[in-house]
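The values are calculated or read from the model by the stated rules, or taken from the named source; none is laboratory data. These numbers come from a predicted model, not from an experiment. Ideal geometry is used to build each Cβ from the backbone, glycine not excepted, and the neighbour counts take in all protein chains shown.
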Amino acid sequence: AQSVAQPEDQVNVAEGNPLTVKCTYSVSGNPYLFWYVQYPNRGLQFLLKYITGDNLVKGSYGFEAEFNKSQTSFHLKKPSALVSDSALYFCAVRDIEYDYKLSFGAGTTVTVRA
Amino acid sequence: DTGVSQDPRHKITKRGQNVTFRCDPISEHNRLYWYRQTLGQGPEFLTYFQNEAQLEKSRLLSDRFSAERPKGSFSTLEIQRTEQGDSAMYLCASSDLSLNYGYTFGSGTRLTVV
């Protein structure tokens, strides 16, 4: 079965500093990987995806993610964090066998202090 | 508004009562999903429709849960004889067949069983 792990429950950074949210995956075959963001009492919003191609993927709101096959990682990054980036971030992987299904990590709470 | 709509946003019910939630997906999307999210966890898959056909139900869905998508458009999720353990955020999402852009989520229905 496919799965993703987000090893950090919380990430705290100062505004203007780089932000990294970690994700590792376990999947047989080529992974389809996604990042979503969730603000309080809202649904999840799509940030970016990796399916194939360049290992560095650019997404919404200045976020990017680096796919690393040898380390089975898909870390989310932002060069300069904003207070408004404070939210809950989820990594997800598409199931290989049941290709309609996404499996989500437990989430990482990001707090950006002014 | 071309997003995914869910109604109601919040529902408080007494234990033992029945509740029904509605989801209106993006009209062009064939696939519709229900997920459940509890505090501190990522979304967990409940069920999936392709057009009007319900193609998978998670083992998380007890017999008290039923979902329909009668005309391949909106969907309803009903919980009978609610229990306190049913308290969660219920998320609806839709996608096209490729899933290349992941899911588009609604804002969710937060259920509180008292």
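Structure notes:
- Test: residue in the range B:90-104 that is at pLDDT 95 or above and either more than 12 Å from chain A (Cβ to nearest Cβ) or in a loop (DSSP other than H, G, I, E, B) (or both): no
- Residues in the range B:54-74 that are hydrophobic (A, V, I, L, M, F, W, C) and not in a loop (DSSP other than H, G, I, E, B): B:55, B:65, B:67.
- Any hit, the range A:50-64, residues being assigned to a strand (DSSP E or B), out of contact with any helix residue (DSSP H, G or I) (no Cβ under 9 Å at 6 or more places or on another chain) and closer than 22 Å to residue B:37 by Cβ: no
- Annotation: residue A:5 fulfils all but one of (1) within 12 Å of chain B (Cβ to nearest Cβ); (2) without any contact (Cβ under 8 Å) to a residue 40 or more places away in the chain; (3) among the small types (Gly, Ala, Ser); the unmet one is (2).
- Residue A:50 vs. criteria without any contact (Cβ under 8 Å) to a residue 12 or more places away in the chain and within 12 Å of chain B (Cβ to nearest Cβ): no
- If you go through the range A:95-114 and keep only what is farther than 17 Å from residue B:92 by Cα and either hydrophobic (A, V, I, L, M, F, W, C) or part of a strand (DSSP E or B) (or both), you end up with A:96, A:106, A:108, A:109, A:110, A:111, A:112, A:113, A:114.
- If you filter the range B:61-89 down to residues that are over 27 Å from residue A:34 (Cα atoms) and charged (D, E, K, R), you find that the one that is farthest from the other protein chains (Cβ to nearest Cβ) is B:81.
- Number of positions in the range B:53-94 that are of a type in the set (Lys, Arg) and loosely packed, with under 13 Cβ neighbours inside 10 Å: 3
- Identity of the residue in the range B:31-52, within 14 Å of the chain's Cα centre (by Cα) and part of a loop (DSSP other than H, G, I, E, B), that ends up farthest from the other protein chains (Cβ to nearest Cβ): B:38
- Meets criteria (of a type outside the set (Val, Ile, Thr) and either within 12 Å of another protein chain (Cβ to nearest Cβ) or closer than 29 Å to residue B:97 by Cβ (or both)) for residue A:33: yes
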